[in-house]
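Below is one structure, written out as structure tokens; the observations come after it.
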Amino acid sequence: MRYVIVGNSAAAVGAIEGIREQDRDNPITVVSDEPYHVYSRPLISYLLGKVIDEGHMYYRSPDFYERNGVQPKLGIKAVEVRPQEQVVILEDGDTLGYDRLLLATGGRPFVPAVPGADLEGVFTFTRWQDARRLEQYIEQYTVKSTLVVGAGLIGLKTTEALMARSIKVTMVELADRILSLSFDQTASRLAEAILLKEGVGIKTNTSVQEIVGRDGRVAQAILQNGETVDCDMLVFAIGVRPNTEMIPKEAGIQVNRGIVVDRYMRTTAPQVFAAGDCVETHDLLLGTSRPIAIWPNAYQQGYVAGNNMAGGEKTYPGGFPMNSVEVCGVPTISVGLTDPRENADLYETLDYVDRNALVYKKLVLRDNRLVGAIFVGNIERAGIYTGLIRDRVDVSAFKNHLLSGSFGLISLPRDHRKHLVVGEGIEV
């Protein structure tokens, strides 16, 4: 049995550990166009901001490949999969045969086709190499100001890293507010107020129309609303799309917004599995399939895929969005459906806001079940609320206490408490 994994991030790690639960002996080959040992991509903003050093980037110990019998082929890109021949084609023309294949190719940053996007000083920010290139450019040209295009989670993490280096940041967002996919109006306005107080420029309802250079480098951006922004550097942080570029149409692998998989993480091609940001999977709250590009989901999907590649029968139950980001030191968490607009009358909202203290809590319910939550400033017990969403617990018996200061595990139904808390001597 020959296992091949294309990709080397969270889904690949999950797959390796899933395979080794079933099969300790047969070889695993990991192919990645990145030259690095397994690392945590969410940490790249802390690396660029000099909060951590490179030694803290790694997601598993240095002997991870050796302990798990993995042959890494790093720094080389897989360019095509041919399921009929059961081979993966590498960029150097070499081929890898497989008996089971996992596509864990992640997401690709979206860069709009605007004039000047090929100038020196234009970057994306999703990988370790991006952080290195940005740092080198910042130091080489003594960057003082940056335009960040996109004010979602990637944009916020980029801004946070640049602020830590004392760089003036202006954010440009096409939507009417920042973090529009994760937050509602109240949370977005709180986050904007925090950023504005720290000197970040925010321009909404517009985007970049043209990037203007000087001596071949970024010097200015012209926005769609006619404004101009002087900047030494520009970072596209609009988001990522599932990376499916190595799948030819004739491969027999169905691709919609992402690679289509079943609950065993199998694609429509025999012996080919997929997991992570490149796939679309079941959304537990919406009841549809779509890409949900978050780290915990990628690991879990990879683990399920790997276990099944080696003969197991694990199933992936589905997931929902969960995001956590600090805004200038203020912690925030958003989970599930935070601002439902379609059939809005079917949802009930409980909320609490203290603008002076920068605290906001919002719970979204449907049919007496929690389906979404936002926390700004005070994120205590966020895990309990997330569990209620995941387990679809009927909260009608304690709904009036959900936002009280005393709400906690003891507030939950006894049967559910036993499900959450187990151990010798524990009485709940």
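Among the candidates A113, A117, the residue that is under 25 Å from the mean Cα position of the chain (by Cα), assigned to a loop (DSSP other than H, G, I, E, B) and at pLDDT 95 or above is uniquely A117.
Determine whether A219 is outside any loop (DSSP other than H, G, I, E, B) and either in contact with a helix residue (DSSP H, G or I) (Cβ under 8 Å, 6 or more places away or on another chain) or small (G, A, S) (or both). Answer is yes for this residue.
When the range 216-250 is filtered for residues that are of a type in the set (D, E), more than 28 Å from the chain's Cα centre (by Cα) and modelled with pLDDT of 95 or more, the ones remaining, listed by number, are E227, D230.
The set of residues in the range 330-342 that are in contact with a strand residue (DSSP E or B) (Cβ under 9 Å, 6 or more places away or on another chain) and surrounded by fewer than 16 Cβ atoms within 10 Å (Cβ to Cβ) contains only P331. In the range 46-100, the qualifying residues are those that are out of contact with any Gly (no Cβ under 8 Å at 6 or more places or on another chain), part of a loop (DSSP other than H, G, I, E, B) and among the polar types (S, T, N, Q), and the one that is modelled with the lowest pLDDT is S61. Please specify each residue of the range 2-33 satisfying the condition of being of a type in the set (A, V, I, L, M) and touching a strand residue (DSSP E or B) at 6+ places or on another chain (Cβ under 7 Å). Across the range 2-33, the qualifying residues are V4, I5, V6, A12, A15, I16, I19, I28, V30, V31. Of all the listed residues (G329, G302), the sole one being more than 21 Å from I154 (Cβ to Cβ) and of a type in the set (G, A, S) is G302.
Scanning the range 34-48 for residues that are of a type in the set (A, V, I, L, M, F, W, C) and in contact with a strand residue (DSSP E or B) (Cβ under 8 Å, 6 or more places away or on another chain) returns a single hit, V38. Summed over the range 286-307, the residues that are hydrophobic (A, V, I, L, M, F, W, C) and at pLDDT 95 or above give a count of 3. Checking each residue of the range 129-136 against the condition of being at pLDDT 95 or above, part of a loop (DSSP other than H, G, I, E, B) and surrounded by 15 or more Cβ atoms within 10 Å (Cβ to Cβ) gives no match.
If you check V279, V327 for being surrounded by 22 or more Cβ atoms within 10 Å (Cβ to Cβ) and either in the same structural domain as L179 (by TED's automatic domain parsing) or closer than 30 Å to A191 by Cα (or both), only one passes: V327. If you take the residues of the range 164-196 that are of a type in the set (S, T, N, Q) and out of contact with any Pro (no Cβ under 9 Å at 6 or more places or on another chain), which of them is surrounded by the fewest Cβ atoms within 10 Å (Cβ to Cβ)? Checking each candidate, the answer is S166.
Exactly one residue out of A151, A161 is touching a residue at least 24 places away in the same chain (Cβ under 8 Å), touching a Leu at 6+ places or on another chain (Cβ under 7 Å) and in a loop (DSSP other than H, G, I, E, B), and it is A151. Within the range 179-202, none of the residues are in contact (Cβ under 8 Å) with a residue 60 or more places away in the chain and part of a strand (DSSP E or B). In the range 308-318 there is no residue that is acidic (D, E), modelled with pLDDT of 90 or more and touching a strand residue (DSSP E or B) at 6+ places or on another chain (Cβ under 9 Å). Out of the residues in the range 101-110 that are surrounded by 18 or more Cβ atoms within 10 Å (Cβ to Cβ) and part of a loop (DSSP other than H, G, I, E, B), which is nearest to the chain's Cα centre (by Cα)? So the residue we want is G106.
The values are calculated or read from the model by the stated rules, or taken from the named source; none is laboratory data. Just so you know, these numbers come straight off a predicted model, no measurement behind them. In this analysis, Cβ positions are derived from the backbone assuming ideal geometry, glycine residues included, and neighbour counts consider all displayed protein chains.
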